[in-house]
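Q: Structure incoming, see below.
Read-outs: derived from the displayed coordinates by stated rules, not from any lab. It should be emphasised that the depicted structure is a prediction, and the values quoted were computed from it without experimental measurement. Backbone-built Cβ (ideal geometry, glycine too); neighbour counts: all protein chains shown.
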Amino acid sequence: MLKRLLPFFLLPWLLPACGAPAAQATPQVINVYASSAAYPWLDEIFTCASSTVVVRLSDPVAADISLRWGEPAPLSGAAYQVGSDDLLVVVERQTAVGSLTLDQVRQIFSGQITQWQAVGGANIPVQVWTYAPAEDIQQVFDEFVMHGEPIVSVARLATSVQSMSDSVGATSGAIGVLPRRWKAGNTNAVLDVTSVPVLAIPAAPPQGAASGLLSCLQSKQ
């Protein structure tokens, strides 16, 4: 009788061992910062992240990887190109301007031209929109367009590329700067300035998950 009952007494002790879950790998957290101009590349970051990687949005100081437009000055480490975009000068449609030269844009942003009529547009005043000097897109614009010449002091400040797109489209006589990916709404592109590399800059030499993430981003160019 004892022999026949013994398997039933052992069964409850065997079940937990058979049903124990396999050990799970600890996810690796990668802190990522993206400037507003480079924000569209966050989608690719999330797509590239494996199931063992957690991508967490961060500020520039704490970031393991920073996405930005163009090369910072100075660049202390390596930078990896993960894409490119075009720098556009855009205007609100009531300006009635079809295109502008680089020199005309420089004169407008420096305050030498204050009426659209002076460049073949409508008889309305120019409203310049710009970014803070620390913004990567502003640094690119200053390098390729302004050449050290200051922006007019009455320029209005956009806090992001989305803010720039909304503000230029909604302000009579407005002019501003946008990436091509952000060109939308009530704006016309009047000058294609240059193509700009989008860079992923690691805070330290990439290893493990960070290295794999950067390789995946580069493969999507």
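Q: Return the equivalent ellipsoid semi-axes of region 133-221 as a descending list in whole Å, where each equals the square root of 5 times an eigenvalue of the C-alpha gyration tensor.
A: Equivalent ellipsoid semi-axes, largest first: 31, 16, 12 Å.
Q: Treating the beta-carbon of each Lys and Arg as +1 and of each Asp and Glu as -1, no other charges, what is the dipole magnitude of the chain about its Cα centre, to the nearest 20 debye?
A: Rounded to the nearest 20 debye, it is 1060 debye.
Q: Continuing with the same structure: Evaluated at 4 °C with a viscosity of 1.567 mPa s, what Stokes-Einstein diffusion coefficient in µm²/s does region 153-192 have when Rh comes from the Kirkwood expression over alpha-carbon pairs?
A: D = 124 µm²/s.
Q: Which three lengths, in whole Å and largest first, does region 113-166 cover when its Cα atoms are put on their principal axes?
A: 33, 26, 17
Q: Which values, in whole Å and largest first, are the semi-axes of the equivalent ellipsoid of region 85-196 obtained as the square root of 5 times each eigenvalue of the Cα gyration tensor?
A: 18, 16, 13
Q: Please state, rounded to one decimal and in Å, the Kirkwood hydrodynamic radius that region 25-129 gives when every pair of distinct Cα atoms enters the mean of 1/r.
A: Hydrodynamic radius (Kirkwood, Cα pairs) of region 25-129 is 17.3 Å.
Q: Among 144, 169, 108, pick out the residue whose Cα is farthest towards the positive end of the charge dipole of the chain, where Lys and Arg carry +1 and Asp and Glu carry -1 on C-beta, about the Cα centre.
A: Positive-most Cα among the choices belongs to 169.
Q: Here is a follow-up. Short version: what are the Cα gyration tensor semi-axes of the chain, square root of 5 times each eigenvalue, largest first, in whole Å?
A: Here the semi-axes work out to 55, 18, 13 Å.
Q: Going by how many other beta carbons lie within 10 Å of each one, how would you line up 124, 45, fewest first?
A: In order of increasing Cβ crowding within 10 Å: 124, 45.
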